[in-house]
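Below is one structure, written out as structure tokens; the observations come after it.
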Amino acid sequence: MPIKNILVVDDSPTDRKYLSDLLTKSGFQVSTAESAEEALEKVKQQRPDLVLMDVVMPGQNGYQATRTLSKDGSTKDIPVIICTTKGQETDRVWGMRQGARDYIVKPVSQADLLAKISALG
């Protein structure tokens, strides 16, 4: 299934804008969420083809939201790429164990992000 619609989840307005602009210029339709809770609602409503999930957010964190999406029968087929400043190998392993399909560390390079999205599509 080709990836066209992407939900960007990040509590930082700067990061949301940067990722949204990068993806829009690359031909994707982008929606955003400022929290894990908002993301979980939007995923059920909009059914995006991919979720880019930050980890460190107020309230529920991105690992918890990723686990929720990957365990829910109605959302488990929507891939999640964790997109975070947490760059330790243990962070990456934990993210993948929560159900993420890939993991990318900020600052995100356009080429790296597009390659990861292409690999999923």
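No lab work stands behind these numbers, since they all come straight from the coordinates. Treat the numbers as computed from the prediction; the structure is a model and nothing was measured. A quick note on method: Cβ atoms are made from the backbone with ideal geometry, for glycine too, and the neighbour counts reach across all protein chains shown.
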field: Given (1) under 18 Å from VAL30 (Cβ atoms); (2) of a type outside the set (Phe, Trp, Tyr); (3) touching a strand residue (DSSP E or B) at 6+ places or on another chain (Cβ under 8 Å), number of the condition ARG92 does not satisfy
entry: (1)
message: Out of everything in the range 26-37 that is of a type outside the set (Gly, Ala, Ser) and over 13 Å from the mean Cα position of the chain (by Cα), what residue ends up being surrounded by the most Cβ atoms within 10 Å (Cβ to Cβ)?
response: PHE28
Verdict on THR32 being of a type outside the set (Asp, Glu), free of Cβ contacts under 8 Å to residues at least 60 places away in the same chain and closer than 17 Å to ALA111 by Cα: no
Subset of the range 89-117 (residues that are without any contact (Cβ under 8 Å) to a residue 40 or more places away in the chain and part of a helix (DSSP H, G or I)): GLU89, THR90, ASP91, ARG92, VAL93, TRP94, MET96, ARG97, ALA111, ASP112, ALA115, LYS116
task: Filter the range 59-85 down to the residues that are more than 14 Å from the chain's Cα centre (by Cα) and not polar (S, T, N, Q), then identify the one that is surrounded by the fewest Cβ atoms within 10 Å (Cβ to Cβ).
output: GLY73
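Pull up the range 7-25, narrow it to residues that are more than 17 Å from VAL105 (Cα to Cα) and of a type outside the set (Lys, Arg), then point me to the one that is surrounded by the most Cβ atoms within 10 Å (Cβ to Cβ).
LEU7
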